[in-house]
Amino acid sequence: MADVRRERMAIPDTDIALDGTRDIVLEAARGTSVGYQILWEELPSDAELSWEWVSGGGEHSLRSEAVEMFQLVDAKVSENTGPDYSTVPVGTPADYVTRLAPFSVYDALRPVGRAFRVGGSKTALYVCFRNR
């Protein structure tokens, strides 16, 4: 089992303290992956981010090659779909939807290296741990 207790996290929509007082414990069966998401807001435009994996040591610690980072791509949803799978024009009442368009989702993943540039003032990352 992977021991990733040193990774910091927050419950969704909760700010992380600057002193890093929150930890996460992720458990995974051998041969699977587990991960979490990070959202950064109010970044300088065109900022460069870099990351480094620092192992906590110990019998179950992960090596750096078992850690992958992906940028969650901001995909725009411009229209909702109707009951017959046709699009519903913006502003049309659609009480059956969870969220009215337009909105964004972060479903597409783009692998990033150890350093990468963000495209705006906000970026989301998915940190993935492969447990062998």
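Given T92, T81, which one is among the hydroxyl-bearing types (S, T, Y), more than 18 Å from E65 (Cβ to Cβ) and surrounded by 13 or more Cβ atoms within 10 Å (Cβ to Cβ)?
On inspection, the qualifying residue turns out to be T81.
Go through the stretch 76-132 and give me each residue that's more than 22 Å from E41 (Cβ to Cβ), of a type in the set (V, I, T) and not in a strand (DSSP E or B).
If the condition is that a residue be more than 22 Å from E41 (Cβ to Cβ), of a type in the set (V, I, T) and not in a strand (DSSP E or B), then V90, T92, V97, T98 are the ones that fit.
Table: residues versus (1) out of contact with any strand residue (DSSP E or B) (no Cβ under 6 Å at 6 or more places or on another chain); (2) modelled with pLDDT under 80.
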{"residue": "G31", "(1), (2)": "yes, no"}
{"residue": "E48", "(1), (2)": "no, no"}
{"residue": "W53", "(1), (2)": "no, yes"}
{"residue": "G82", "(1), (2)": "no, yes"}
{"residue": "A115", "(1), (2)": "no, no"}
{"residue": "K122", "(1), (2)": "yes, no"}
{"residue": "V127", "(1), (2)": "no, no"}
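Would a scan of the stretch 103-123 turn up a residue that is surrounded by 11 or more Cβ atoms within 10 Å (Cβ to Cβ) and over 19 Å from L39 (Cα atoms)?
No, the stretch 103-123 contains no residue that is surrounded by 11 or more Cβ atoms within 10 Å (Cβ to Cβ) and over 19 Å from L39 (Cα atoms).
Mind listing whichever residues of the stretch 26-57 are under 15 Å from V127 (Cβ atoms), part of a strand (DSSP E or B) and either acidic (D, E) or open to solvent by 100 Å² or more (accessible area, probe 1.4 Å) (or both)?
Matches in the stretch 26-57: Q37 only.
The values are calculated or read from the model by the stated rules, or taken from the named source; none is laboratory data. In this text, all values refer to a predicted model and were calculated from it rather than measured experimentally. We place every Cβ from the backbone using ideal geometry, glycine too, and count neighbours over all the protein chains shown. Each accessible area value is taken on the protein alone, full model and side chains, heavy atoms only, with ligands, DNA and RNA left out. Shrake-Rupley method; radii C 1.70, N 1.55, O 1.52, S 1.80 Å.
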